[in-house]
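What follows is one structure encoded as structure tokens, with my remarks underneath.
The values are calculated or read from the model by the stated rules, or taken from the named source; none is laboratory data. Source: prediction; values computed, not measured. Counting neighbours? That spans all protein chains shown, and the Cβs are built from the backbone with ideal geometry, glycine included. For the accessible areas, the whole protein counts, side chains as well, though only heavy atoms, and no ligand, DNA or RNA atoms are used. Shrake-Rupley method; radii C 1.70, N 1.55, O 1.52, S 1.80 Å.
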Amino acid sequence: MSYKPELTGRWWLKHGHFKRYMLREATVIPLVFLLCSLLAGVFSLQDVERFSQWQAYMAHPLVIIGHTVALGAALYHAATFFVLFPRVMPIRIANYTLPARLMVAGQWAAVLAVALLCLWLVTGGRV
Amino acid sequence: MTQPRTCYVDISRYDPERGDQYPTMQRVQVPYDDSTSVLDVLQYVKEQVDSSLSYRWSCRMAICGSCGVMVNGIPKLGCKDFVRDYVAHKGVGRDHAANDAPALTIEPLAHFTGERDLVVNMDEFLTHLEAVKPYIIDPASRPNNPSAATHSQTPAQLARYQQFANCINCGLCYAACPQFGLNPEFVGPAAIALAHRYNLDSRDHGKHERMQVLNTHDGVWSCTFVGFCSDVCPKGVDPAAAVNQGKVESAKSMLIQLFKGSSIGDSRS
Ligand code: SF4
Ligand code: FES
């Protein structure tokens, strides 16, 4: 005789570590919202009227809030993902292992570079 | 002489021979000082309160890996976990017997089948360990091969896998892993860490055999990188890193098999 404790669907409420994990997984929801907005933008390029409708949609306060949440979610996901990266793909050159801190810093530097490039593109090279 | 401090602990009790269907909690008052471990608490209870209490232990120094229990819901080695750390945040030096809220709740390791009190059945874990062939596989070094050379290894070659070789098979990582809790067929953190340890060993030639197990859905791909296994590991093995390095290896090995045209199926059966 023995007993087997069953895990219920609410297992992730048991403690902080699991809740933070679920938060990381949930970052996909606001990102899907952002993606849909962007896709709608692409389709609206077909005619001028639809494009101006899309612009009005993008300027709606609720949509701006949603996209700000998406930015926060993306940064949170990146922060958690970047620290995992050196553990999953440690870089070894001969007998030397690249320190994890350096790899994390490198990834943030890449984020910064891409952000600056985008800024430069949208401002038409004026910054 | 000052009176010893005491606190309350709740211990999960389950005795099928007494006809128990499910575990129940037993509250006991125990003395403690700064050096009292959770295992000391259990030993006090067995010797002074209730000799029928069952739990596993041996080395008392975090080496044998047999004393794993859940303490306040977190997998811990009883001999490496101290009462002082639980009472401390409720007010150092205060006598906790004054209010009988338990400072500690001690339960058997989660996700395993309970056999009696704090003793669980580790068979599932051992089956997974066996499945990954956690030993050096080298066809050239069979005993009847007179030309077999001795294995030498440089410190650099050792450094590649040493971290993953520190596992003491305590099973705490399985009690921390919700994927194992939901699907006991999942090979799980420690077994995959051990497979990875041998795959990284310069003396080993068994990687292909182990990848057959790791490549399956119940192998590395059941892991969603919750990462709690690495937090609870008492030996700093970082099994989550091993599992996810295993995903990279698995992706490579599946690609190679794809190009070779052989099937990627489960060869365990
Ligand atoms: S990996 Fe760590 S937690 Fe898991 S069995 Fe080994 S020593 Fe225990
Ligand atoms: S008694 Fe051996 S690890 Fe705790």
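Within the range B:207-258, the only residue that satisfies the criterion of being within 13 Å of ligand 1 (Cβ to nearest atom) and of a type in the set (Ser, Thr, Tyr) is B:SER230. With (1) surrounded by 13 or more Cβ atoms within 10 Å (Cβ to Cβ); (2) more than 21 Å from A:LYS4 (Cβ to Cβ); (3) not polar (S, T, N, Q) as the list, and B:HIS208 as the residue in question, which single condition is left unmet? With respect to (1) surrounded by 13 or more Cβ atoms within 10 Å (Cβ to Cβ); (2) more than 21 Å from A:LYS4 (Cβ to Cβ); (3) not polar (S, T, N, Q), B:HIS208 is out only on (1).
Table: residues versus (1) open to solvent by less than 40 Å² (accessible area, probe 1.4 Å); (2) under 19 Å from B:GLY246 (Cβ atoms).
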| position | (1), (2) |
| --- | --- |
| B:ALA156 | yes, no |
| B:GLN162 | no, yes |
| B:GLY188 | yes, yes |
| B:ALA191 | yes, yes |
| B:ASN199 | yes, yes |
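One residue stands out among those in the range B:216-225 that are touching a residue at least 12 places away in the same chain (Cβ under 8 Å) and surrounded by fewer than 22 Cβ atoms within 10 Å (Cβ to Cβ): the one that is farthest from the other protein chains (Cβ to nearest Cβ), which is B:THR216. The sole residue among A:VAL104, A:VAL88, A:VAL111, A:VAL63 that is touching a Phe, Trp or Tyr at 6+ places or on another chain (Cβ under 9 Å), closer than 23 Å to A:ALA26 by Cα and within 14 Å of chain B (Cβ to nearest Cβ) is A:VAL88. Identify all residues within the range B:27-73 that are among the small types (Gly, Ala, Ser), more than 19 Å from the chain's Cα centre (by Cα) and away from ligand 2 (no atom under 16 Å from the Cβ); write none if there are none. Within the range B:27-73, B:SER51, B:SER52 meet the criteria. Show the residue pairs that are 6+ apart or on different chains and have beta-carbon atoms under 7 Å apart, the first residue being within the range A:4-18 and within 10 Å of chain B (Cβ to nearest Cβ), the second being outside any loop (DSSP other than H, G, I, E, B) and open to solvent by 70 Å² or more (accessible area, probe 1.4 Å). If the second residue must be outside any loop (DSSP other than H, G, I, E, B) and open to solvent by 70 Å² or more (accessible area, probe 1.4 Å), the pairs left are A:LEU7/B:LEU182; A:TRP12/A:LYS19; A:HIS17/B:ASP231; A:PHE18/A:TRP12.
Is the range B:172-179 home to any residue that is within 14 Å of another protein chain (Cβ to nearest Cβ) and of a type in the set (Phe, Trp, Tyr)? For the range B:172-179, residues within 14 Å of another protein chain (Cβ to nearest Cβ) and of a type in the set (Phe, Trp, Tyr): present. Residues in the range B:32-78 that are within 16 Å of ligand 1 (Cβ to nearest atom) and of a type in the set (Lys, Arg): B:ARG56, B:LYS76. Selection over the range A:67-85 of residues that are away from chain B (no Cβ under 14 Å) and surrounded by 15 or more Cβ atoms within 10 Å (Cβ to Cβ) gives a count of 6.
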